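Everything below concerns the one structure shown next.
Where a number appears in this text, it was derived from the coordinates with a stated rule and is not lab data. The shown structure was predicted, so the numbers you read here are calculated from the model rather than taken from an experiment. Neighbour counts are summed over all protein chains in view; Cβ atoms, including those assigned to glycine, are modelled from backbone coordinates with ideal geometry.
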Amino acid sequence: MPVGTAATVKGLSQSALEDLGVQILLCNTYHLFLRPGHELIRQMGGLHEFMSWPRAILTDSGGYQVFSLAKLRKITDDGVRFRSHLDGSEQLLTPEKAVQIQVALGSDIAMVLDECIETPAPRNQAQKALERTTKWAQRARAFFLEQEKQNDLAQMQFGIVQGATFADLRRESARQLLELDFPGYAVGGLAVGEPHELTCEMAGEVITLLPSDRPRYLMGVGKPEQLADYVSLGIDMMDCVLPTRAARHGCLYTGYGRVLIRNARYAKDPRPIDEQCSCGVCTRYSRGYLRHLFSADELLAAILGTHHNVHFYLDMMRQIREAIAFGNLAKFSSDSHERLAAGPS
RNA sequence: GGACGGGUGGGUGAGUGGCUAAAACCAGCAGACUGUAAAUCUGCCGCUCCUUGCGGGCUACGGAGGUUCGAAUCCUCCCCCGUCCA
């Protein structure tokens, strides 16, 4: 899932996203709540209509902002009190409020509000966040089911496993959430500081407990060379800002590593970003031209870079699906590790 | 011919006796980015030497002299640039 926090994937139009084959976008509850406001979006016909996106939308709950905006919030058992980074106003986000906002937005998948903490974290802190996340999930689930009864929602709600880097806490979290019978489950609070091996270990601990006939979603990952690892573990869904953000910063992905397009070595390079890539950028523009756009700080740099990186990620996932179909995901995974580590020519 | 104002590292431009190899910004070079406070952030950015250290040497604030323990900073002359007056 490409990330479109503020109802836009930075640098790409909705038609471009459709053409790239994007099936589902991630948008953000907290950010859309602050601006332009969920009631406004409801009045505009819901998020799909508002942003003209006919395909699926998953809305994150604001749980990640508990982590990323740690300096601007205070957390209590009731919910999270944010100091808005936009206007300084104080905003209270509770599990119920997060549901309410997402119902107003009308996303296809709504995430429960969770407490995402930095890793590594002390065990008692991890335990506390886990317990709160479970309690919030219970409240969010109850509130959602109530809303569903009243409003005939075309929306699903996913729970989020926490537990930092403690295997037993992760398992405990999963078991508690299973009682709430979510139609899909996410693993959150990973890739927030711990090494990749530990991310895999934690995801692996939990994945086997979660029903394989329902989507299992690892939140906020990952680097290109990590995607196949996660899928190998049983992960069905992922989202990440990396392809879009890195693109804006001049980091372009290829099948053989990253091209830091601002580097002087690419100034007169007539080749495309990735000679194996079939995207609209690689079939048309040279590295030299792209480097020029980035150097000159042109808008088109971000647009073309993002287009390529999103294409690259989607293509990576296509290849992974293909590998699964052919029964050689393990080989694909190790091969891609090697290729991506090789570095661009 | 005269009167002012000014000449600082690739650029703009601070600095008006020591804490200055010289602020800041830009450019340049390299790096980071994982449920987006990110078109952001970080490091390097005179030359050179090595036992890589808050290390040594050299060169540097238009030019040449001078004052001073010490000068980008003060003095003298010269050369440029701008504005104005003749």
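Take the Cα atoms of chain A, find their three principal axes, and give me the spread along each one in whole Å, biggest first.
Here the Cα extents, ordered largest to smallest, are 59, 43, 37 Å.
Kindly give the semi-axes, whole Å and largest first, of the ellipsoid equivalent to the range A:252-329, taking each as the square root of 5 times a Cα gyration tensor eigenvalue.
27, 12, 10
Using amide H atoms built 1.01 Å from N in the peptide plane, name the residues 5+ places from residue A:73, or on other chains, whose amide H lies under 5 Å from its own.
A:83
What's the ranking of A:325-333, A:111-119 by average number of surrounding C-beta atoms within 10 Å, highest first?
A:111-119, A:325-333
Please list, or write none, the lysines whose alpha carbon is within less than 29 Å of the alpha carbon of residue A:97, excluding same-chain residues fewer than 8 places away.
The qualifying lysines are A:10, A:71, A:74, A:128, A:135, A:149.
Of the listed peptides A:148-154, A:93-99, what is their order by residue-averaged count of other C-beta atoms within 10 Å, with the highest listed first?
On the way: A:148-154: 11.0, A:93-99: 24.0.
Order by mean packing, descending: A:93-99, A:148-154.
Under a Cβ-Cβ cut-off of 11 Å, what is the net charge of the residues other than residue A:265 that fall near it, where Lys and Arg count +1 and Asp and Glu count -1? The partial results should precede the final answer.
On the way: positive: A:262, A:268, A:287, A:291; negative: A:269.
In short, +3.
What ranking, highest mean first, results for peptides A:268-281, A:61-74 when packing means the other Cβ atoms within 10 Å averaged over each residue?
Per-residue mean Cβ counts within 10 Å order the peptides as A:61-74, A:268-281.
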